[in-house]
Amino acid sequence: MANLHQFVPTFEPGAVGAHTVELQRLWRESGRGESEVFTEHVRGGFENENRSHLFTDYGTKRFPAGRDDVLVYQMAIGSVVADFVKGRREPLVLNHHNLTPVEYLERWEPTATWGVQWGQAQLRDLAGRSALAVAVSHYNAAQLRGVGYRQVEVAPLLIDVDAFDAQVEPEALDALTAAKAEGGTDWLFVGRLAANKCQHDVIKSFAMYRRVYDPGARLHLVGGAPADAYRAALEGLVSTLGLRGAVSFTGPVSTGALAAYYRTADVYVCLSEHEGFCAPLLEAMHHSVPVVALAAAAVPETVGDAGLLLAGKEPAMVAAAADRVVRDSAVRSALTAAGRRRVQDFGLARSRSRWLDVLAQAVPS
């Protein structure tokens with residue numbers, strides 16, 4: 001029996017938080033040992049569920065370290081938690097979720113740059129400490145090898161695909177359906193408002209689409225805004241391009257409301273320049289929303305053959321691609337069918353099996 005304990009800087013809902021919960025569930029259900037989550041910060045409702053413990057409690061009388069314990073560190077930002085696990089003697093598995101390059105943060109989120117730079121330094125420092133590094137994409141794996149990790153495996157995010165079928169929030173669905181009844185195409189992008197996700201380019205392409213193809217189209221940008229300056233710039237761009245009333249900034253939404261946005265979307269447009277995986281692409285495919293995406297970072301390996309991947313993001317090119325998948329029924333049907341197949345590649349059964357195989361390399365037999 002070997003315990004697999006996870007350490008994460010901030011434990012909260014989102015891709016990393018959901019992955020952490022699924023990895024804990026996997027280890028417990030495998031019968032191979034216990035699994036607890038240790039963190040510095042708990043947010044977003046997780047603090048009310050007694051799912052985690054303060055990271056400094058590990059190795060104390062409250063949570064004694066076991067002889068066969070293995071530690072997993074979820075790397076996404078710089079943190080004192082990384083320094084803590086570096087100082088421990090238990091075998092360490094580093095799970096890399098990627099770090100946003102500072103050039104995307106310096107102008108819009110300057111206070112966040114130090115956290116990323118700290119994380120980059122810690123990522124290098126932990127190379128010699130880690131028995132194994134696991135990347136959620138080959139794109140991330142290349143980064144790990146580039147900073148000195150020798151034993152690197154790729155295992156996808158543990159995503160509960162069935163959770164994408166969350167019950168639709170009636171009020172949200174009614175409002176979106178009513179707007180749709182008046183005509184017009186619905187564009188969708190899901191993700192926090194951040195410069196690396198390039199919502200500004202989505203807005204520019206959407207403006208071209210309205211001008212050339214569908215003057216009644218709507219764009220829904222779903223996600224929180226960690227940087228007020230970037231959101232203000234986006235709102236200014238919307239005003240300058242005459243798109244007020246056509247572009248909505250929803251902020252964070254419930255899972256039921258998110259399901260309503262996917263259910264009523266006609267096309268999912270992603271022009272992000274930096275993604276370590278990008279789970280919303282799978283959500284769109286699951287809901288049979290055709291994907292148009294920039295072929296950058298880890299996006300191509302997440303999308304596979306289930307989306308229209310673009311070499312560039314000139315507004316005219318993006319607008320034409322969106323129009324093609326919306327109006328050409330044959331293309332749309334082919335993409336949505338491929339999308340449903342692609343989602344199954346990341347189903348929990350397959351991903352859980354891969355993770356057990358990978359972890360066997362670091363866990364005492």
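Residues are listed down the side, and each one gets a yes or a no for (1) of a type in the set (A, V, I, L, M); (2) closer than 30 Å to Ala295 by Cβ; (3) surrounded by fewer than 18 Cβ atoms within 10 Å (Cβ to Cβ):
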{"residue": "Leu158", "(1), (2), (3)": "yes, yes, no"}
{"residue": "Ala163", "(1), (2), (3)": "yes, yes, yes"}
{"residue": "Ala166", "(1), (2), (3)": "yes, yes, yes"}
{"residue": "Glu169", "(1), (2), (3)": "no, no, no"}
{"residue": "Leu173", "(1), (2), (3)": "yes, no, yes"}
{"residue": "Lys180", "(1), (2), (3)": "no, yes, yes"}
{"residue": "Asp186", "(1), (2), (3)": "no, yes, no"}
{"residue": "Lys197", "(1), (2), (3)": "no, yes, no"}
{"residue": "Asp201", "(1), (2), (3)": "no, yes, no"}
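Residues Val70, Val85, Val80: which one is within 30 Å of Ala229 (Cβ to Cβ), β-branched (Val, Ile, Thr) and at pLDDT 95 or above?
Only one candidate qualifies: Val80.
Tell me, which residue of the range 209-232 that is part of a loop (DSSP other than H, G, I, E, B) and not hydroxyl-bearing (Ser, Thr, Tyr) is nearest to Val267 (Cα to Cα)?
Checking each candidate, the answer is Ala217.
From the list Ala121, Ala142, Ala135, which one is more than 17 Å from Glu275 (Cβ to Cβ) and of a type in the set (A, V, I, L, M)?
Result: Ala121 is the single residue among Ala121, Ala142, Ala135 that is more than 17 Å from Glu275 (Cβ to Cβ) and of a type in the set (A, V, I, L, M).
Within the range 126-149, can you find the residues that are closer than 23 Å to Ser353 by Cα, part of a loop (DSSP other than H, G, I, E, B) and not hydroxyl-bearing (Ser, Thr, Tyr)?
Ala131, Val136
What's the total number of residues in the range 170-205 that are under 16 Å from Tyr261 (Cβ atoms), among the charged types (D, E, K, R) and in a loop (DSSP other than H, G, I, E, B)?
Going through the range 170-205 one residue at a time, the tally reaches 1.
Given the criterion more than 16 Å from the chain's Cα centre (by Cα), farther than 27 Å from Pro252 by Cβ, basic (Lys, Arg) and in a helix (DSSP H, G or I), identify the matching residue among Arg28, Arg67, Arg32.
Arg28
Can you work out which of the residues in the range 91-122 that are in a loop (DSSP other than H, G, I, E, B), in contact (Cβ under 8 Å) with a residue 40 or more places away in the chain and out of contact with any Gly (no Cβ under 7 Å at 6 or more places or on another chain) is nearest to Ala229 (Cα to Cα)?
Trp108
Does Thr111 satisfy the condition of being polar (S, T, N, Q), modelled with pLDDT of 95 or more and surrounded by fewer than 16 Cβ atoms within 10 Å (Cβ to Cβ)?
Considered against the rule, which asks whether it is polar (S, T, N, Q), modelled with pLDDT of 95 or more and surrounded by fewer than 16 Cβ atoms within 10 Å (Cβ to Cβ), Thr111 comes out as no.
Give me the pairs: first residue in the range 43-57 and of a type in the set (Ser, Thr, Tyr), second residue surrounded by 14 or more Cβ atoms within 10 Å (Cβ to Cβ) and not in a loop (DSSP other than H, G, I, E, B), beta-carbon distance under 6 Å, and six or more apart or on different chains, which are they?
Ser52/Phe11; Ser52/Val37; Ser52/Thr39; Ser52/Val42
Could you check the range 242-295 and list, in sequence order, the residues that are among the basic types (Lys, Arg) and assigned to a loop (DSSP other than H, G, I, E, B)?
Arg244
Taking Arg350, is it part of a helix (DSSP H, G or I), of a type in the set (Lys, Arg) and farther than 20 Å from Ala265 by Cβ?
Judged against the criteria, Arg350 is a match.
Identify all residues within the range 5-25 that are part of a strand (DSSP E or B) and either charged (D, E, K, R) or touching a Leu at 6+ places or on another chain (Cβ under 7 Å) (or both); write none if there are none.
Those that are part of a strand (DSSP E or B) and either charged (D, E, K, R) or touching a Leu at 6+ places or on another chain (Cβ under 7 Å) (or both): His5, Gln6, Phe7.
Any idea which of Gly339, Gly312, Gly307, Gly347 is surrounded by fewer than 17 Cβ atoms within 10 Å (Cβ to Cβ), under 18 Å from the mean Cα position of the chain (by Cα) and either within 30 Å of Pro170 (Cβ to Cβ) or free of Cβ contacts under 8 Å to residues at least 60 places away in the same chain (or both)?
Testing whether each residue is surrounded by fewer than 17 Cβ atoms within 10 Å (Cβ to Cβ), under 18 Å from the mean Cα position of the chain (by Cα) and either within 30 Å of Pro170 (Cβ to Cβ) or free of Cβ contacts under 8 Å to residues at least 60 places away in the same chain (or both) leaves just Gly347.
The values are calculated or read from the model by the stated rules, or taken from the named source; none is laboratory data. Worth saying up front: this structure is predicted, and the values here are computed from it rather than measured. FYI the Cβ positions are ideal-geometry reconstructions off the backbone, even for glycines, and counts take in every protein chain you see.
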